[in-house]
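Bear in mind that the values in this text are calculations on the coordinates, not laboratory data. Since we're looking at a predicted model, the values are computed, not measured. In this analysis, Cβ positions are derived from the backbone assuming ideal geometry, glycine residues included, and neighbour counts consider all displayed protein chains.
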Amino acid sequence: MKLIRIPEDKYYDYRINAMFDCYKWDPQFYDSNTLAKYVLVLTREENERIVKITENLDIETRLAEEYLNKNIKIAEKLSLPKEIIKQIPNMQNYDKYKNIRLMRYDFHPSIDNNWVVTEVNSDVPGGFAESSLLPDLARKTINSPNLKYNSFGERMVEAINNKLNKKGTIMLIHCTCFSDDRQVMQFIGDRLQKEGYKVIYGAADHIEFKDRQAYCILDNNQHKIDLIFRFTPLEWLIKMRPKTWYGYFNTTTKSCNHPIGIYAQSKRFPFVWDDLEDAGISMKTWRSMLPETIEVKDASKREGFIYKPVYGRVGEKIAIQEACRGDEYKKILQDVKKHQKQYIAQKNFNSKPIKSDDGMEYHICLGSYTIEGNHSGYYARISPYPRIDSYAADLPVLIEN
C-alpha cells in the first residue's frame, strides 16, 4: 500500500475536474480542503485480502440482521430508538431477494501491520461518486493506465438492473436541503437515467404509501415507485412530521436500503454477538477484526478506551484525545457521562500512518463496499490525525494489476 502524490502542476485541473465531472461540487469543509492531493494504491494481494474479509463480514452481518429482525428482545440490546422498536413487527415481510442490500465496512491499518475494522455503515453509506469516478480521473492524472479499480456505480447499476430489468421509476430519497446529499443522489440518478429509468429526486416525506406500495406525491411527478433508493438515515427519518415514515418499514416496494440495516448500524452491535452465536450464527470474522467494545460504565476502571456515539456518523463525537480540537474532548466526555447509553467504549488501536512518496504521513480509513454480498469498490479518506472526521480528505483508490 502506498500514497502517490498528484503532481503539483496537475492538482488544480484535477480538483476542477473532480468538481465538474465527478460530482465533487464542494471539496471543502470550513477552511479544510477535502480532496486529497494523493492517490492510494493497493497491491493485488492487499486487495484480495480485504475483499475476502469484507465478504466474510457481510455474510455474518446479513445473517445477524435477519435473525435480529425475528427476535425483538435481543434487538432491544442495540438501544434502537423506541419508534423503530415499535416498527420491527412491521418488518417481518422483509424479503432479501427482493431488496438491494448495500453496506460499507471501514478498514484501518494498524501498527502491527494488520487491518482493524471499526464499524459497518449498514444503513445509508455514502461516497458513491468518489469511489466510481475519482479513481479513473486520478489514474489519468498520474498517467498510470495499468492501475485498475472496481467502480461502485457500475456495480450498483448492475444490481438495480437485476431487480428492475431496466424498467420503472426510481425515487432517490435524500435530505433535499443539503447539497452534499444531492450530489450523491445526482450521480446515481444521472447514471440510472442513462439506463432508461425514470428518476425522481425527493425528500422522505414526498412519498405516501397505499396498500404498502410507495407513490410519489410531488407535483407533476405523482407516480407509482418501483424502487426506493434511500439516503436519509433512519434516525433522521423517524423525526418526520406527520408520522408518514412508518410506511418505509412494511412497504412491498423494492428498496435500497431497507430499514433492516438499522441493526448493524448501531455501535452496540457487538453486544448481541453472544446471542447470535448461541443461535448458531458465527461472528468469527467480526470478533477477529473489531477492537474490543464494551459498555461505557465498564470502561471507567480500564485504560486505553475511546468513546463513540451509538449512531455517530463521519467521525462525529469520537473521543480520541490527540485528534480532538480545542475543548472538544472535554465536551464529549461530559456528554458521555450524561448519556452513557448513547455511547459505547471501544479499545483504542494504534493507527499506522502511511508515508507518502513525498515524505508526509497520513492516517487512512478504507471503506470497502458490498452490494448483495459482493465486494463493490472502495471509498477512502485520509487525515493527519488518527480520527477520520468531516475534516478528512477524499482519496481515490487504485489497485495494482
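Descriptive notes on the structure:
- Here is the size of the range 293-401 from its Cα atoms: Rg then Dmax, 16.0, 51 Å.
- Here's the list of aspartates and glutamates a cross-link from residue 194 could span, going by alpha-carbon distance under 14 Å and ignoring same-chain residues fewer than 8 apart: 154, 158.
- Over the range 268-316: Kirkwood hydrodynamic radius from C-alpha pairwise inverse distances, Å: 12.6 Å
- If R0 equals 35 Å, the separation of the Cβ atoms of residue 98 and residue 241 corresponds to a calculated FRET efficiency of about 0.75.
- Taking every alpha-carbon pair in the chain and binning the separations at 20 Å intervals from zero gives 27, 60, 13, 0 percent.
- Overall dimensions of the range 149-235 by Cα: Rg and Dmax, Å: 12.9, 43
- Cα-based reach from residue 2 at 20 Å (exclusive), listing aspartates and glutamates while leaving out same-chain residues under 8 positions away: 45, 46, 48, 106, 112, 130, 136, 357, 358, 361, 394, 400
- Approximating the spin labels as points 7 Å out from Cα along Cα→Cβ, the residue 49-to-residue 9 distance works out to 3.8 nm.
- Shape category assigned to the range 28-86 from the gyration tensor of Cα positions, a/c cut at 1.5: oblate
- Simple label model, 7 Å out from Cα along Cβ direction - residue 335 to residue 56, nm: 3.5 nm
- Counting charges near residue 308 (Lys, Arg +1; Asp, Glu -1) among other residues having Cβ under 9 Å from its Cβ returns a value of +1.
- Each helix, a run of at least 4 DSSP H residues, gives -39500 (n - 2.57); summed and divided by the residues of the chain, these come to -9000 deg cm²/dmol at 222 nm.
- Pairs exceeding 24 Å between alpha-carbon atoms, taken from 10/352; 239/317; 73/98; 86/163; 73/297; 243/317: 10/352; 73/98; 86/163; 243/317.
- Shape of the range 73-220, Cα gyration tensor, a/c cut at 1.5: oblate
- The chain, relative contact order in percent, only Cα pairs under 8 angstrom and at least six apart counted: 27 percent
- Applying the criteria of a DSSP loop state and at most 15 other Cβ atoms within 10 Å to the GluC sites (Glu not before Pro) of the range 265-328 yields 292, 295, 303, 316.
- Three-way shape call for the range 292-347 based on the alpha-carbon gyration tensor, with the a/c threshold at 1.5: rounded
- Within the listed set 218, 102, 227, the residue fluctuating most in the Gaussian network model of the chain (springs between alpha-carbon atoms under 10 angstrom) is 218.
- Applying a DSSP loop filter and a limit of 12 other Cβ atoms within 10 Å to the chymotrypsin sites (Phe, Trp or Tyr not before Pro) in the range 1-68 leaves 30.
- Spacing of the two label points (7 Å from each Cα toward its C-beta) at residue 148 and residue 85, in nm: 4.9 nm
- Longest segment of the chain lacking trypsin sites (Lys or Arg not before Pro) that sit in a DSSP loop with at most 16 other Cβ atoms within 10 Å: 326-401
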